[in-house]
Amino acid sequence: MVRVGLTGNIGSGKTTICRLFETLGAPVYFADEKGKQYLETAEVAKEIEARFGREYLGKDGLPIRRKLAELVFSDKEKLHELNALIHPKVQMDFEKWAATHNEQRYVIMEAAILFETARYKDFDKIILVTAPEEIRIQRVCKRDNVSEKDVVARMKNQWDEKRKIPLADFVIQNDEKELVMPQIKKIHKKLIDFSAAQKNPSS
């Protein structure tokens, strides 16, 4: 089974692209969503209180996500601390999930910062979703109901797309001009062929 990492900067449309891969039968693990779920557990809440303070927890004892985001996206060291708390749990969960899909030709893990954390090296292939910065800003402002300033602050914690493109095996342009489904189908076929070659190296 081929392991594929799918990533892209904030607002690039990673989730939309993943949903389209799912229509082709590809199993997708949404790491960022799973990370949010772990963030709302009592175990992680205790760690956040210990590291960042009680003021980042609500009356229910769970993290106040928006307030925590404001903290970590303005302080790279604190963002690293939070990632170090969440990412190992997500990785362990992904390994368990992947083991239940051994019969598949390939599986995808969708995650925002595969390059920044060097986790891209753990995958057989990497798909990068790209989009112009102005489009990405508009998408996130609308999706999260946040200001452009907030979006730009988040972007500063991610590598520029130009740095990521040479490291990716496949690049999908999600710029609202070029159709994405033909790009996805082309990559899907290449991944199926790559999987077959891995199983039958002599053929």
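The values are calculated or read from the model by the stated rules, or taken from the named source; none is laboratory data. The model shown is predicted, which means the values in this text are computed figures rather than measured ones. Glycine also receives a Cβ, built like all others from the backbone with ideal geometry; neighbour counts cover every protein chain displayed. What goes into the accessible areas is simple: the full protein's heavy atoms, side chains included, and nothing from ligands, DNA or RNA. Shrake-Rupley method; radii C 1.70, N 1.55, O 1.52, S 1.80 Å.
Pairs meeting the criteria (first residue in segment 152-167 and without any contact (Cβ under 8 Å) to a residue 12 or more places away in the chain, second residue among the hydroxyl-bearing types (S, T, Y) and assigned to a loop (DSSP other than H, G, I, E, B), beta carbons under 6 Å, at least 6 apart or on different chains) are lacking. Each residue in segment 38-57 was checked for being part of a helix (DSSP H, G or I) and loosely packed, with under 15 Cβ neighbours inside 10 Å, and 7 of them qualify. List pairs: first residue in segment 176-203 and under 15 Å from D124 (Cβ atoms) and part of a helix (DSSP H, G or I), second residue modelled with pLDDT of 95 or more and open to solvent by 40 Å² or more (accessible area, probe 1.4 Å) anywhere in the structure, Cβ distance under 6 angstrom, at least six positions apart or on different chains. Listed by first residue and then by second, the contacts come to H188/L24; I192/R105; S195/R105. The residues on offer are K189, K149, K156, K142, and the sole one that is under 30 Å from V2 (Cβ atoms) and charged (D, E, K, R) is K189. Within segment 8-35, if we keep just the residues that are touching a residue at least 24 places away in the same chain (Cβ under 8 Å) and β-branched (V, I, T), the residue that is nearest to K149 (Cα to Cα) turns out to be I10. In segment 109-150, which residues are touching a Leu at 6+ places or on another chain (Cβ under 8 Å), open to solvent by 30 Å² or more (accessible area, probe 1.4 Å) and among the charged types (D, E, K, R)? Within segment 109-150, just K125 meets the criteria.
Taking segment 72-108 as the range and being among the hydrophobic types (A, V, I, L, M, F, W, C), more than 15 Å from F30 (Cα to Cα) and buried (at least 16 other Cβ atoms within 10 Å of the Cβ) as the test, the residues that pass are V72, F73, L79, L82, L85. In this structure, does G5 turn out to be open to solvent by less than 20 Å² (accessible area, probe 1.4 Å), out of contact with any His (no Cβ under 7 Å at 6 or more places or on another chain), touching a residue at least 60 places away in the same chain (Cβ under 8 Å) and assigned to a loop (DSSP other than H, G, I, E, B)? So G5 fails the test.
If we scan segment 10-23, do we find a residue that is among the β-branched types (V, I, T), in a helix (DSSP H, G or I) and in contact with a Gly (Cβ under 7 Å, 6 or more places away or on another chain)? No, the conditions are met nowhere in segment 10-23. Taking segment 20-30 as the range and being closer than 10 Å to I108 by Cβ and among the hydrophobic types (A, V, I, L, M, F, W, C) as the test, the residues that pass are F21, A26, V28, F30. For segment 151-198, filtered to residues that are among the basic types (K, R), more than 18 Å from the chain's Cα centre (by Cα) and at pLDDT 95 or above, the residue that is least open to solvent (accessible area, probe 1.4 Å) is K190.
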